[in-house]
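K.L.:
Supplied in structure tokens, the structure appears directly below.
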Amino acid sequence: MLFNSLKFLVFFPLVFMLYWALPHKARKYLLLAASYYFYMCWKPEFIVLILYSTAVDYFCALGMERRAEHKKLFLAVSLTMNLGLLFFFKYFNFFGATLTALCRAVSIPFSAPVLNIILPVGISFYTFQTLSYTIDVYRGRMKAERDFVLFALFVSYFPQLVAGPIERAADLLPQLREAHTFRYEQGAHGARLMAWGFFKKCVCAAYLGALVDKVYGNVGGYGGSAAAFATAAFAVQIFCDFGGYSDIARGCSELLGVELTVNFKRPYFARSMRDFWRRWHISLTGWFREYVYIPLGGNRKGRGRTALLTLATFLLSGLWHGAGWTFVVWGSINGCYLVLESLLPHDSADKAHAWAVEALRMLKTFVLACFAWVFFRADTMADAVTLLRAAVTGLAQPRAYLRDAYYLLLSNGEWGALFTVLSVAVLLGVDALDEKTDAMEAVGRLRPIVRYPLYAVFLVGMVLLIPKHASAPFIYFQF
């Protein structure tokens, strides 16, 4: 079920009203049933995979505590079962095709079988979430959960089931167990987050996505600045799309009394790529740091080992995002950025020109991120190279370069161009305010005579601006 669908706009209010009407002991059953229904609206049969992961990790965690001498065996079973399932559905054909290509390159007559399988929505997210639980139990950081229904709800909690944020059991399980009472301030903050998330997805991402699809769907049909402009548009689109999902997830969860992890913190206001990755998909970055980078040595084994681990971690992050070499290259580029930043001296500036230096750092970081995004968005490596070549070679003709971007912006019509610019301006304005203070909290502190008319103007304006293609699936559903 998509957040940006009429079905969800009926589903969530019903869940919300029933949740607060029921006694505490019944709420976990309601949320579990709602979560399974939410997922089964896509492909009912794939709920079996969630039940499988839930059962495996529930019993493996209990086994670690009851048979401490076999802790490693239970952890190995959890890792093998979960990652094996993820590999089968997401990576079998990719590695099979790679092996076939390698064999043909050395004249070995081998062709790996190609499976006609569908990638289950959200499998990368809930697999990592439930694995973090068994690893934490293995490390002794938390006790195994005895309540199977509560643990099943932790794995399948619908607001963040299919695209995160990836929650730690130590943070989410206690909240799901707690007897909540409705708090107006928390509920109002959640409603504002949801509205802002819908604006980012249904307005900003929708208008920008229409421009991006034109260029990336026809890489040879546009001039240089169109390629550069579409890539910059995609950088903002994917932030609005995924960041919008995270805001909606956090918002509807807050309306149920449960706080989720903040997954984005204004990434395009970052001053370096290291800063960017502290702000972008925070829950996944933290997962890789906690369960891959640090266990392998982190920064404790010297600069050379640290650099290799950074590259390896980002390569795995790229592969997590998609079974394709474009994603591997995207992850590797970001890993190289962080390694280079650790080797280069930090630039400093006098206070008189600090604002200009900060602006240049943000621009530099945005350009570097955009270069990597080309590989993330392109369908093939050849397409990525074609787009990058067009963006660079077009600089030789500045007037034609700017004209291509202008015509691309107008390709959705004059009103479409105006709405695109207007929505991005609103987005940047709110994010700039967020750099100084919590914008949602600031709105909540306004006097009612100002606040409620502001809500009305925002909601009416958003409804009027929503284009016809605003119901497109979220980008990260494919991961």
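K.L.:
Would you mind classifying the range 234-306 by shape? Square roots of the alpha carbon gyration tensor eigenvalues, ordered a ≥ b ≥ c; an a/c under 1.5 is rounded, otherwise it is prolate if a/b is larger than b/c and oblate if not. Display every interim value, and only then the final one.
P.N.:
Details: a/c = 3.31, a/b = 1.64, b/c = 2.02.
The shape class here is oblate.
K.L.:
Another one. Could you check the simple spin-label distance between Met40 and Phe59, using points 7 Å along Cα→Cβ, in nm with one decimal?
P.N.:
In this crude spin-label approximation the distance works out to 2.2 nm.
K.L.:
Follow-up question, since we're still on this one. Of the listed peptides 175-183, 57-65, what is their order by residue-averaged count of other C-beta atoms within 10 Å, with the highest listed first? Provide the component values of the computation, followed by the final result.
P.N.:
Values: 175-183: 13.4, 57-65: 21.4.
Averaged packing, sorted descending, gives the order 57-65, 175-183.
K.L.:
With a 1.4 Å probe and all protein chains left in place, how much of the accessible area of the chain comes from carbon and sulfur atoms, in whole percent? If you can, show how the numbers build up before the last one.
P.N.:
On the way: 15350 of 22640 Å².
Percent of accessible area from carbon and sulfur atoms in the chain: 68.
K.L.:
Please work out how much length the chain gains when fully extended from Tyr52 to Leu410, using 0.36 nm per residue of separation minus the C-alpha to C-alpha distance, in nm with one decimal. Walk me through the numbers on the way to the answer.
P.N.:
Details: separation 358, 0.36 × 358 = 128.88 nm, distance 4.96 nm.
Taking 0.36 nm per residue and subtracting the Cα distance, the gain is 123.9 nm.
K.L.:
How large is ³J(HN,Hα) for each residue in the range 166-183, as worked out from phi by the Karplus curve 6.51 cos²θ - 1.76 cosθ + 1.60 (θ = phi - 60°), to whole Hz, x for Gly and Pro?
P.N.:
Here the 3J(HN,Hα) series is 6, 9, 7, 4, 5, 8, 8, 4, x, 6, 5, 7, 5, 7, 7, 10, 5, 10 Hz.
K.L.:
Using 0.36 nm per residue of separation minus the Cα-Cα distance, give me the extension gain between Leu343 and Ser107 in nm, one decimal.
P.N.:
So the extension gain works out to 80.7 nm.
K.L.:
As I understand it, the dipole of the range 392-471 uses +1 on the Cβ of Lys and Arg and -1 on the Cβ of Asp and Glu, about the Cα centre. Which of Leu408, Ala456, Val443 lies farthest toward its positive end?
P.N.:
Projecting each Cα onto the dipole axis, the largest value belongs to Ala456.
K.L.:
OK, next. Quick one: length gained pulling Ala442 to Gln397 fully straight, 0.36 nm per residue minus the C-alpha distance? Don't skip to the end; give the middle numbers.
P.N.:
Numbers: separation 45, 0.36 × 45 = 16.20 nm, distance 4.60 nm.
So the extension gain works out to 11.6 nm.
K.L.:
Moving on. Pop a pseudo-label 7 angstrom from the Cα along the beta-carbon direction at both Leu99 and Arg289 and give the gap in nm to one decimal.
P.N.:
Reported label-point gap for Leu99 and Arg289 is 3.6 nm.
K.L.:
Taking only protein heavy atoms into account and a 1.4 Å probe, give the accessible area per residue of the chain in Å². Spell out each step's value before the answer.
P.N.:
Numbers: 22640 Å² over 479 residues.
Per-residue accessible area for the chain comes out at 47 Å².
K.L.:
Right, next: In nm, to one decimal, how far is the modelled label at Arg274 from the one at Leu422, with both set 7 Å along Cα→Cβ?
P.N.:
In this crude spin-label approximation the distance works out to 4.2 nm.
K.L.:
Starting from the Cα coordinates of the chain, work out the convex hull volume and express it per residue in Å³. Display every interim value, and only then the final one.
P.N.:
Numbers: hull volume 89.8 nm³, N = 479.
Cα convex hull per residue, to the nearest whole number: 187 Å³.
K.L.:
Using R₀ = 45 Å, calculate the FRET efficiency as 1/(1 + (r/R₀)^6) where r is the Cβ-Cβ separation of Thr380 and Ala26; round to 0.05. Could you put the intermediate results ahead of the total?
P.N.:
Values: r = 51 Å, r/R0 = 1.14.
Step by step, r from the Cβ atoms, then E = 0.30.
K.L.:
Over all directions, what mean area does the Cα convex hull of the range 333-466 project, stated in square nanometres? Mind showing how you got there, number by number?
P.N.:
Working: hull surface 52.3 nm².
Mean shadow area of the hull around the Cα atoms is 13.1 nm².
K.L.:
How do 229-236, 41-48, 380-387, 314-321 rank on mean C-beta neighbours within 10 Å, highest first? Each step should come with its number before you reach the end.
P.N.:
Values: 229-236: 23.9, 41-48: 13.5, 380-387: 16.8, 314-321: 20.6.
The densest-packed peptide leads the list: 229-236, 314-321, 380-387, 41-48.
K.L.:
Please label the shape of the range 90-225 as rounded, prolate or oblate, based on the square roots a ≥ b ≥ c of the eigenvalues of the alpha-carbon gyration tensor (a/c under 1.5 means rounded; beyond that, a/b larger than b/c means prolate, else oblate).
P.N.:
Numbers: a/c = 3.56, a/b = 1.32, b/c = 2.70.
Because a/c hits 1.5 or more and a/b fails to exceed b/c, the range 90-225 counts as oblate.
The values are calculated or read from the model by the stated rules, or taken from the named source; none is laboratory data. Quick caveat, the model's predicted, so the values are computed rather than measured. Ideal geometry is used to build each Cβ from the backbone, glycine not excepted, and the neighbour counts take in all protein chains shown. For the accessible areas, the whole protein counts, side chains as well, though only heavy atoms, and no ligand, DNA or RNA atoms are used. Shrake-Rupley method; radii C 1.70, N 1.55, O 1.52, S 1.80 Å.
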